[in-house]
Amino acid sequence: MKLTKIVLLLMSVVVFQSCATKEKEVNKNLHDIWVVTQIDQKAIEKTAKTPRLEINLTTMKVMGNDGCNNFSGTLNEVSDTKFVVDNLASTRMMCPKMDVTDSFNKAINSVVSYKLEKLNLILFDANGKEVLKFLKVD
């Protein structure tokens, strides 16, 4: 009887551990450097300063460049679908073309969820609208 309880307990631990491992594996794929390919489902022009995003799951931080200014922030919530960034701070330089920068900043501040498709990271707003699409570059 006691042996049965121990076996059941060990099996439960293994099941719960495998579920936790799967979630970590999904999140682990986010930990990378991404370059923007689309903002609001529109392809952006390839330039020397294409917006990029680096996600560090170890420190729960994000950083990158919006096409003009460097930024950093805190990854507040991340799961298999949720992706919430808080406390974004950036430099405040003026650049010749600010349209991509402005669009990127508006989009990144509205993100609440994500989806990974092969080498693409897609970020969505609260309405489920695709606001940013990235390509893995590292």
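The values are calculated or read from the model by the stated rules, or taken from the named source; none is laboratory data. Computed from a predicted structure; not experimentally measured. Here Cβ is always computed from backbone atoms with ideal geometry, including for glycine, and neighbour counts include all displayed protein chains.
Worth pointing out:
- Boolean, LYS49 is within 13 Å of the chain's Cα centre (by Cα) and either at pLDDT below 95 or loosely packed, with under 11 Cβ neighbours inside 10 Å (or both): no
- Matching residues, segment 118-138, being without any contact (Cβ under 8 Å) to a residue 40 or more places away in the chain and touching a strand residue (DSSP E or B) at 6+ places or on another chain (Cβ under 9 Å): LYS118, LEU119, ILE122, PHE124, ASP125, ALA126, GLY128
- Each residue in segment 57-80 was checked for being part of a loop (DSSP other than H, G, I, E, B), among the polar types (S, T, N, Q) and surrounded by 14 or more Cβ atoms within 10 Å (Cβ to Cβ), and 1 of them qualify.
- Test result for GLU54, within 21 Å of GLU130 (Cβ to Cβ), within 19 Å of the chain's Cα centre (by Cα), surrounded by fewer than 10 Cβ atoms within 10 Å (Cβ to Cβ) and at pLDDT 90 or above: no
- Every residue from segment 37-56 that is within 19 Å of PHE124 (Cβ to Cβ), β-branched (Val, Ile, Thr) and either assigned to a loop (DSSP other than H, G, I, E, B) or in contact (Cβ under 8 Å) with a residue 60 or more places away in the chain (or both): THR37, ILE39, ILE44
- Scanning segment 104-117 for residues that are without any contact (Cβ under 8 Å) to a residue 60 or more places away in the chain and under 19 Å from LEU88 (Cα atoms) gives ASN105, LYS106, ILE108, ASN109, SER110, VAL111, VAL112, SER113.
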